[in-house]
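One structure is given below, encoded as structure tokens.
The values are calculated or read from the model by the stated rules, or taken from the named source; none is laboratory data. Only a predicted model underlies this, so the values are computations on that prediction, with no experimental measurement involved. Because the Cβ atoms are built from the backbone with ideal geometry, glycine has one as well, and the counts that use them run over all protein chains shown.
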């Protein structure tokens, strides 16, 4: 479950190129797989090659809409799971994906489900309604896909403004997740690799390193992209 590969992952790099560390405040299957790969290989190149293989596989999965995996596996991959620290009423008028998820859970499971703190909110971000609708209002509880089909159809039509026969893949905003994944790839793979003189091993993701000081861009790919960015400005 992606309570983050693309949520609250923060990377910190030492500009002297001695080390970097990554804070990850939550656990997820994708995250665990990525960090496990950092223990593979006997050289930096082999290590980053193993890590990049995970990124490339997940990018391919999003590109082909998870056609080769079951719906449940796709939901497990992209969904985010957050535990509410307070009861829903204590959040007041606050707007967030978690609050929207809790409110929608109450619609088909009952208000008693959200009256206490500690509620587990597992959700995905829907593609619709897109125009003028913030991400926080497009959160859909994963539990809706596990309830009675007629109940699911009713609420999915209401929340996502879709036809009753829409598939999970047509509901999920896969472009949103690819953007989040790409951002995470830069933070945990391409920037650290470039700073350690490793070529970009995620070919589908363009290496953009304008945020790194010039003195640290010893990687040829990084220098090339910095020059092209400056030329286009």
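Take the residues in the range 53-77 that are under 23 Å from residue 38 (Cβ atoms) and not assigned by TED's automatic domain parsing to the domain that holds residue 180, then tell me which one is nearest to the chain's Cα centre (by Cα). Spell out the reasoning first.
Here is the first cut: in the range 53-77, the ones under 23 Å from residue 38 (Cβ atoms) are 53-62, 76-77.
Now narrow it down to the ones that are not assigned by TED's automatic domain parsing to the domain that holds residue 180: 76-77.
Values: 76: 12, 77: 9 Å.
Looking at residues that are under 23 Å from residue 38 (Cβ atoms) and not assigned by TED's automatic domain parsing to the domain that holds residue 180, I get 77.
For residue 155, state whether it is buried (at least 16 other Cβ atoms within 10 Å of the Cβ), more than 23 Å from the chain's Cα centre (by Cα) and not assigned by TED's automatic domain parsing to the domain that holds residue 64. Yes, satisfied.
Within the range 71-91, being touching a helix residue (DSSP H, G or I) at 6+ places or on another chain (Cβ under 9 Å) and loosely packed, with under 12 Cβ neighbours inside 10 Å holds for one residue alone: 89. When each of 188, 162 is tested for being buried (at least 18 other Cβ atoms within 10 Å of the Cβ), in contact with a strand residue (DSSP E or B) (Cβ under 9 Å, 6 or more places away or on another chain) and more than 30 Å from residue 38 (Cβ to Cβ), the lone residue that passes is 162.
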